[in-house]
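Working notes, structure below.
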Amino acid sequence: MLTALDALAEEASGCTRCALSGSRTQVVFGSGAPNADLMFVGEGPGAEEDRQGLPFVGRSGQLLDRLLSQELGLDRSACYITNVVKCRPPENRDPKPDEIAACRPFLENQLESVDPKVVVTLGNFASKLLLDTDVGITRLRGQSYEFSGRHLVPTFHPAAALRGGGDVLACMRSDLVRAKRLMGG
Ligand code: URA
């Protein structure tokens, strides 16, 4: 049976709402358990994601998989993973405000459909968008926020940990432990 999420993915696969549709290989809608308690929201697909059509399958994704396993004892298939924009920005540039706005209804519908208990936002774009703030991730992280009846846990983007090393990684670990507690685990 076609779920609401499947129908949304189908709709997104042909989306031309913004200029990113002109340069993508394919739409990277999201993946994982359709009713997951834990949902991750990243920034936007990179080259490997654009090639495979799946979120977080490059180096950042490998780190995310490792942290998920080590801190939550979970496989990615038990979570739902998506991004603020579903198409790769050329040369991995930042997504533009009009691209984020055009893609936002997909994210809102994913949140409603998956209905997770805890949302972990990875990096500045997802955290600022969902918390509706200009405050950066370094100041936002370290606590959880009420988010439409859910918990939102902002943390660094795994790419920042790959660049920034041990301190960033330690923060991500503690944020994921916070997410686990909020899931009741
Ligand atoms: N970075 C992101 O923000 N999302 C991905 O899917 C991959 C890398």
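The values are calculated or read from the model by the stated rules, or taken from the named source; none is laboratory data. Quick caveat: nothing in here was measured; it's all calculated off a predicted structure. All Cβ positions, even for glycine, are placed from backbone atoms using ideal geometry, and neighbour counts span all protein chains on display. What goes into the accessible areas is simple: the full protein's heavy atoms, side chains included, and nothing from ligands, DNA or RNA. Shrake-Rupley method; radii C 1.70, N 1.55, O 1.52, S 1.80 Å.
Points 7 angstrom from Cα along the Cβ direction at Gln62 and Gln26: gap in nanometres?
2.1 nm
Can you list the HN-Hα couplings for the stretch 130-141, worked out from phi with the Karplus curve (6.51, -1.76, 1.60; θ = phi - 60°), rounded to whole Hz and with x for Gly and Pro?
With the stated coefficients, the stretch 130-141 comes to 6, 8, 6, 9, 9, 5, x, 5, 4, 8, 6, 6 Hz.
What's the FRET efficiency of Asn109 with Asp75 using the Cβ-Cβ distance as r and R₀ = 25 Å, to the nearest 0.05?
So, using R0 = 25 Å, E works out to roughly 0.50.
I'd like to compare 83-89, 13-19: which one has the highest average count of other Cβ atoms within 10 Å, and what's the full order after that?
Result, highest mean Cβ count within 10 Å first: 83-89, 13-19.
Among Gly30, Gly149, Gly44, determine the one that fluctuates most according to a GNM of the chain built with springs between C-alpha atoms less than 10 Å apart.
Judging by the Gaussian network model, the answer is Gly149.
For the chain, just run the numbers: alpha carbon Rg, then divide by 2.2 N^0.38 Å, N being how many residues it has.
My calculation over the Cα atoms of the chain gives 0.95.
Across the stretch 83-93, in residue order, what do the Karplus-derived ³J(HN,Hα) couplings come to in whole Hz, using 6.51 cos²θ - 1.76 cosθ + 1.60 with θ = phi - 60° and x for Gly and Pro?
9, 5, 10, 8, 10, 5, x, x, 6, 6, 5
Can you compute the charge dipole magnitude of the stretch 22-182 about its Cα centre, using +1 on each Lys and Arg Cβ and -1 on each Asp and Glu Cβ, nothing else charged? Give it in debye, rounded to the nearest 20.
In total the dipole reaches around 320 debye.
Can you sort Glu108, Glu10, Glu99, Glu91 by solvent-accessible area, 1.4 Å probe, largest first? Provide the component values of the computation, followed by the final result.
Values: Glu108 75, Glu10 125, Glu99 5, Glu91 165 Å².
The ranking, largest first, comes out as Glu91, Glu10, Glu108, Glu99.
Can you list residues whose amide H is under 5 Å from Val120's amide H, if they're 5+ apart or on another chain and H is modeled 1.01 Å from N?
Met39, Phe40, Val41, Val153
Straight-line reach from Lys180: which lysines have Cα under 24 Å away, leaving out those fewer than 8 places along the same chain?
The qualifying lysines are Lys117, Lys128.
Looking at Leu169, Gly136, Phe125, which one has the Cα that reaches farthest to the positive end of the dipole of the chain (charges on Cβ: Lys, Arg +1; Asp, Glu -1)?
Selected residue: Leu169.
What is the distance in Å between the Cα centres of the stretch 107-154 and the stretch 51-72?
So the two Cα centres are separated by 19 Å.
Please report the antiparallel percentage of DSSP beta bridges with both residues in the chain, rounded to the nearest 5.
30 percent
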